[in-house]
1. Which of Val23, Val158, Val37 comes first, and how do the rest follow, when ranked by fewest Cβ neighbours within 10 Å?
2. Can you give the calculated 222 nm mean residue ellipticity of the chain, where each DSSP H run of n ≥ 4 adds -39,500 (n - 2.57) and the sum is split over every residue, rounded to the nearest 500 deg cm²/dmol?
3. Using a basic spin-label model with each label point 7 Å from the Cα along Cα→Cβ, how many nm lie between His263 and Lys8?
4. Give me the dipole magnitude in Debye, nearest 20, for the chain about the Cα centre, with unit charges on the beta carbon: positive for Lys and Arg, negative for Asp and Glu.
5. Would you calculate the separation in nanometres between label points at Asp160 and Val17, each defined as 7 Å from the Cα along the Cα-to-beta-carbon direction?
6. Using 0.36 nm per residue of separation minus the Cα-Cα distance, give me the extension gain between Gln208 and Gln222 in nm, one decimal.
7. Which residues in the range 240-265 place their backbone N less than 19 Å from a point set 7 Å from the Cα of Thr229 along the Cα-to-Cβ direction?
8. Quick check on the range 207-276: take the gyration tensor over C-alpha atoms, sort the square-rooted eigenvalues as a ≥ b ≥ c, and tell me if it's rounded (a/c under 1.5), prolate or oblate.
Amino acid sequence: MKIIHTIKELREWRNSVQDVAFVPTMGNLHNGHLSLVAHAKQAAKHVVVSVFVNRIQFGEGEDFDQYPRTLEQDAEKLAKLDVDVLFAPDERELYPNGVQNYFVEPPALQNELCGAFRPNHFRGVTTVVSKLFHLVEPNVACFGKKDYQQLTIIRGMVADLNMNIRIIGVPIERDADGLALSSRNQYLSTDEHAAAVFLYQQLQHIAQQLRSGSRDFTVLEQAATQTLTQHNWRVDYVSIRDAGSLNTAQTQDTKLVILAAAHLGKTRLIDNIEVDLSAA
Ligand code: PAF
């Protein structure tokens, strides 16, 4: 596996190959990321993984400085999976002026769900992902369904800006108890870690009620919010949406996704479950 830090070297390598799948990450790789790599390997001949902690998608008071940087261990994991290139630019390489003046501005969805609590987060994501797409020029790119809103926004960007890149959404990897894998799980204390699966359990409970015919979306959202709050969670949102557009769910919708974000102690966790009622 080649470890590349500069745009120049990446472009030289890219000019020498065809058929590339790309997995953008912020590093601190866990089995969720490794599953993205496995899907990438199935999708194309060559695989590029980027590791870059992207300052412009973090808001004030968020964990940019604290975000775990573990490049050496990440490289070991990727080498074992026979990844072709690990692209790990430093900040000056991607943001040579120290600032970004041009942004890829997503539509109104960027201000809903997580976007309502993380102003400018999604335009930071779309901007860095489109920069990385220009550099890596992938045929295919893999994103986790764990960040469901991010995946939806990236799909929209690729379609709207006529990017010739196939986007693969990869299912969430979970611990044995059901907790969705996330780099932020390591901020949890041992007790919090054991309690964290409660968020997923609430989503499962809503999914079950939807499958049993309930369409009182607001009632289901409010009940889960109340239960989480009673168990010492600080809830940002619990929301039932159309799985494709992420518009607020309508009673006739059959492909739904239930999304939630909530704080346990100092850690903000997100999770979601897709529910296909057409199959019921
Ligand atoms: O999902 C992530 O890790 C990041 O948002 C991404 C896509 C690598 C952009 O920085």
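Only the coordinates and a few stated rules stand behind these numbers; no lab work does. Note that the structure is predicted; figures quoted are calculated from it, not measured. Because the Cβ atoms are built from the backbone with ideal geometry, glycine has one as well, and the counts that use them run over all protein chains shown.
1. Final ranking by Cβ density, sparse to dense: Val158, Val37, Val23.
2. About -11000 deg cm²/dmol.
3. With each label placed 7 Å out from Cα toward Cβ, I get 4.6 nm.
4. Here the size comes out at about 380 debye.
5. Result: 3.1 nm between the two label points.
6. My answer for the length gained is 3.5 nm.
7. Of the residues in the range 240-265, 240, 259-265 have backbone N under 19 Å from the label point off Thr229.
8. Note, shape of the range 207-276 comes out prolate.
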